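Student: To start, I am sharing the structure in question, which I have written as structure tokens.
Read the figures in this text as sums done on the coordinates, not as results from a lab. All of these numbers come straight from a predicted model, not from anything done at the bench. All Cβ positions, glycine included, derive from the backbone under ideal geometry; neighbour counts span all protein chains shown.
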Amino acid sequence: MASDPSSPLLLSPARLRTLEMRNRIWLAPMCQYMVEEHDGVPADWHLVHLGARAAGGFGMIVTEATAVSPEGRISPRDTGLWNRDQTRAWQRIVSFCQDQGARIAVQLAHAGRKASTWPALPRYRARRGTVPEFASGWRTVGPTSEPFPGLDAPDALEKADITGVIDDFVAATRRAEEAGFDAVELHFAHGYLVHEFLSPLVNTRTDEYGGDGPGRRRLAREIATAVREQWPAERPLIVRISATDWIDGGWDITQSIELARELEQVGVDALHVSTGGAVIADIAVGPEYQVGFARTLREAVSMPVAAVGLITDPAGAQEVLERGDADFVAVGRAALREPSWPQRAAHELGVRDPTLYPGAYHRGSW
Ligand SMILES: Cc1cc2nc3c(=O)[nH]c(=O)nc-3n(C[C@H](O)[C@H](O)[C@H](O)COP(=O)(O)O)c2cc1C
């Protein structure tokens with residue numbers, strides 16, 4: 001990665017493979033539940049939401065979890081990348097974000113046994129459990145038929161179905177290239193399908209996709225390998241993991257290190273470090289609560305690492321990078337209230353960078 005010694009790290013350009021980013025600030029992936037008329041097709045909302053943050057100076061935008069198949073959606077209002085209409089709609093959003101100087105990665109996802117849930121929007125607040133089929137829900141799948149607490153039991157995936165899931169990731173990767181995405185981020189975190197296979201608390205299979213560490217990591221490894229083969233060699237592949245289940249006997253940092261090393265070997269270029277989601281656990285949430293996991297992983301591998309989780313203030317974000325805890329920071333909720341967080345970060349860190357602003361906004365520069 002390139003860096004300019006005269007600029008704070010947070011605002012310095014960086015590189016993954018041949019992809020240059022204007023700074024080290026990523027927009028964290030965030031489901032919007034705003035798909036409107038057609039299944040999985042991103043709408044005007046997505047253009048405005050992602051476009052505003054691209055215009056606000058983010059180095060890289062990571063889209064919300066975008067399903068590789070209809071049954072892989074978290075909710076009926078999620079985006080997808082399994083057909084031509086979705087590809088075309090994404091193309092417009094991708095090209096707008098790139099025109100603003102941002103890079104854009106699609107987060108490819110399969111929600112596994114946590115699919116078919118109600119959108120997390122205020123108007124659905126009273127709804128609980130799995131969305132029934134008569135209300136546009138669907139049957140879910142998982143490593144076993146054991147349900148996530150409060151949700152319907154999934155169908156356990158047979159070996160042939162697993163091959164189908166891998167093929168869906170590969171097909172979505174092909175469409176991501178067609179749509180012009182700069183990078184792919186594989187969503188292996190938060191208790192969705194791949195994390196369900198990783199966690200010993202969820203994956204109790206006895207075949208080659210379960211059992212010991214290598215068995216539970218097999219699906220992650222096979223998807224990453226197959227996607228890397230499909231994705232153009234010059235473009236980066238990122239993987240988001242949960243570094244821990246926050247519960248004894250669960251997935252933990254030691255197993256995450258083993259996984260990260262394997263992912264690096266199959267050509268993954270960066271790790272995006274989150275936590276939790278596979279089981280219900282007490283999570284000690286506070287400022288920068290996941291940064292320590294990013295640091296531990298960064299020390300164990302040679303690929304760059306992104307930290308996320310209540311990194312809200314520019315000086316704090318700069319310190320995360322300066323201490324060597326991470327190479328990138330991702331900003332989530334703070335960017336929902338402030339689309340131009342990077343512009344303010346530059347101002348507060350003493351950087352005057354006109355390229356962070358679209359021409360039409362120069363007169364409003366900090
Ligand atoms: C509204 C919302 C939607 C989210 N959707 C996703 C998602 O689609 N994929 C994902 O990996 N994480 C998702 N997350 C988690 C965020 O990417 C991020 O890791 C988390 O919010 C912590 O960062 P923050 O404190 O900066 O918000 C979501 C978070 C929020 C608040």
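Student: Between R128 and T254, what is the FRET efficiency for a Förster distance of 41 Å, r being their Cβ-Cβ separation, to the nearest 0.05?
Tutor: Approximately 0.70, to the nearest 0.05.
Student: Taking a ≥ b ≥ c as the square roots of the Cα gyration tensor eigenvalues, with a/c under 1.5 meaning rounded and otherwise prolate when a/b beats b/c, else oblate, which class fits segment 6-161? The partial results should precede the final answer.
Tutor: On the way: a/c = 2.18, a/b = 1.90, b/c = 1.15.
Here segment 6-161 falls in the prolate category.
Student: Another question, if that's okay. May I ask for the net charge around T296, where only other residues with Cβ less than 12 Å from the Cβ of T296 are counted and Lys, Arg are +1 while Asp, Glu are -1?
Tutor: -1
Student: Over segment 26-364, what number does the Rg to Rh ratio reach, with both radii from the alpha-carbon atoms and Rh per Kirkwood?
Tutor: A ratio of 0.95.
Student: Percent relative contact order of the chain, based on C-alpha pairs within less than 8 angstrom and at least six residues apart? The partial results should precede the final answer.
Tutor: On the way: 834 pairs, mean separation 60.5, N = 366.
It rounds to 17 percent for the chain.
Student: Can you find, among P236, Y124, S274, the residue farthest towards the positive end of the dipole of segment 26-364? Put +1 on the C-beta of Lys and Arg, -1 on that of Asp and Glu.
Tutor: With unit charges placed on the Cβ atoms, the residue in question is Y124.
Student: Sort segment 171-316 into rounded, prolate or oblate with this rule: let a ≥ b ≥ c be the square roots of the eigenvalues of the Cα gyration tensor; rounded if a/c is under 1.5, and if a/c is not under 1.5, prolate when a/b is larger than b/c, oblate otherwise.
Tutor: Judged from the Cα gyration tensor, segment 171-316 comes out oblate (a/c at least 1.5, b/c at or above a/b).
Student: Which net charge results when you count Lys and Arg as +1 and Asp and Glu as -1 among the other residues whose beta-carbon is under 11 Å from that of G215?
Tutor: Details: positive: R205, R216, R217, R218, R221; negative: D207, E208, D212.
Counting the neighbours of G215, the net charge comes to +2.
Student: Please report, in whole Å³, the volume per residue of the convex hull around the C-alpha atoms of segment 79-137.
Tutor: Looking at segment 79-137, the number lands at 127 Å³ per residue.
Student: Further question: If you take every residue apart from D182 with its C-beta less than 14 Å away from the C-beta of D182, what net charge results, scoring Lys and Arg +1 and Asp and Glu -1?
Tutor: -2
Student: Now a separate question. Testing the spin-label approximation: label points 7 Å from Cα along Cα→Cβ at H38 and E229. State their distance in nm.
Tutor: Spacing of the two 7 Å Cα→Cβ label points: 3.1 nm.
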